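Okay, so here's the structure we're looking at.
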Amino acid sequence: LLGLTGLMTNAIFRKVVMVTNKSQRRADELATLNEVGRIIAASLERDQLLKNLATVTVQLVGHTSRFMIGLMDEESQVLKCQLYDESGARYSGISFEKEAGLTGYVMANRKALLIANLQQEYGRYADDGEYFDPRFRSWLGIPLLVYDEVVGVMAVKTQELDAYSRDDLRVLTTIADQAAVALENARLYELATVDGLTGLAVP
């Protein structure tokens, strides 16, 4: 009887520890998201906003990650993407057709996509052949929605296998929601302050 009581006590203690740890992680996560929201909202200039977004996202998911954000160009109807390294510095730009690759899947289905092994899973979601960059193995992409319209995709990728979790997906979805609003505010600010023909500031 004493042995059984001891086992039950140990089981209850472990459960309490697990719940406490989970609650602490959730509290830390909420505090981080609050800080992320503050940083994202700190600028109405799109370039600075994107740099802030890249920096905080990479810090959250791990410093081996690269960050990408793609926004639909209304005139050409292509997804114009900017790529940022593990420090949050922009290093390249690339454009995709609206329906192409993993970003096309995310936009068409209006939902996040978490891939643990790019080389094995890419073909399930994209019909343009094998994944072309063997340096990266994990990928996580989130649609950016403004007024229920998909305006782009936010994604991270890394050389590590099975690098991202459902917790990462949940956190990045929250960040993407904040980012979409901030990007729309930046777009409206630019329309109000920059002459569309000359590119100069409106006096």
Log entry, pairs with first residue in segment 50-71 being under 17 Å from residue 39 (Cα atoms) and touching a residue at least 40 places away in the same chain (Cβ under 8 Å), second being among the small types (Gly, Ala, Ser) and assigned to a helix (DSSP H, G or I), beta carbons closer than 7 Å, six or more apart or on different chains, reads 53/179; 67/54
Those residues of segment 129-180 which are among the β-branched types (Val, Ile, Thr), touching a strand residue (DSSP E or B) at 6+ places or on another chain (Cβ under 7 Å) and assigned to a helix (DSSP H, G or I) amount to 173
*asked:* Can you say whether residue 93 is closer than 29 Å to residue 35 by Cβ and open to solvent by less than 10 Å² (accessible area, probe 1.4 Å), as far as the supplied structure shows?
replied: no
Note: among 28, 85, just one is under 29 Å from residue 160 (Cβ atoms), of a type in the set (Asp, Glu) and modelled with pLDDT under 65, namely 28
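Name every residue in segment 134-149 that is among the acidic types (Asp, Glu) and under 14 Å from residue 72 (Cα atoms), in order of residue number. Spell out how you get there, then give the answer.
We begin by selecting, within segment 134-149, every residue among the acidic types (Asp, Glu); these are 148-149.
Once the filter is applied, which keeps residues that are among the acidic types (Asp, Glu) and under 14 Å from residue 72 (Cα atoms), segment 134-149 yields only 149.
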Per the filter on segment 64-102, residues outside any loop (DSSP other than H, G, I, E, B), aliphatic (A, V, I, L, M) and within 19 Å of residue 137 (Cα to Cα) are 68, 69, 83, 102
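Suppose we filter segment 152-168 for residues that are open to solvent by 30 Å² or more (accessible area, probe 1.4 Å) and out of contact with any helix residue (DSSP H, G or I) (no Cβ under 7 Å at 6 or more places or on another chain); how many remain?
Taking segment 152-168 and keeping what is open to solvent by 30 Å² or more (accessible area, probe 1.4 Å), we get 157, 159-163, 165-168.
Retained after the next criterion (residues that are out of contact with any helix residue (DSSP H, G or I) (no Cβ under 7 Å at 6 or more places or on another chain)): 157, 159-163, 165-167.
Total meeting the criteria: 9.
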Here the residues within segment 46-59 that are farther than 10 Å from residue 182 by Cβ and either polar (S, T, N, Q) or at pLDDT below 80 (or both) are 48, 55, 57, 59
State whether the residues of segment 178-189 include one that is touching a Phe, Trp or Tyr at 6+ places or on another chain (Cβ under 9 Å), touching a residue at least 24 places away in the same chain (Cβ under 8 Å) and of a type in the set (Val, Ile, Thr).
no
Here the residues within segment 103-128 that are outside any loop (DSSP other than H, G, I, E, B), farther than 17 Å from residue 173 by Cα and open to solvent by 20 Å² or more (accessible area, probe 1.4 Å) are 119, 120, 121, 123, 124, 125
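The values are calculated or read from the model by the stated rules, or taken from the named source; none is laboratory data. In this text, all values refer to a predicted model and were calculated from it rather than measured experimentally. Cβ sites come from the backbone with ideal geometry, for glycine too, and all protein chains shown count toward neighbours. Just the protein is used for accessible areas: all its heavy atoms, side chains included, with ligands, DNA and RNA removed. Shrake-Rupley method; radii C 1.70, N 1.55, O 1.52, S 1.80 Å.
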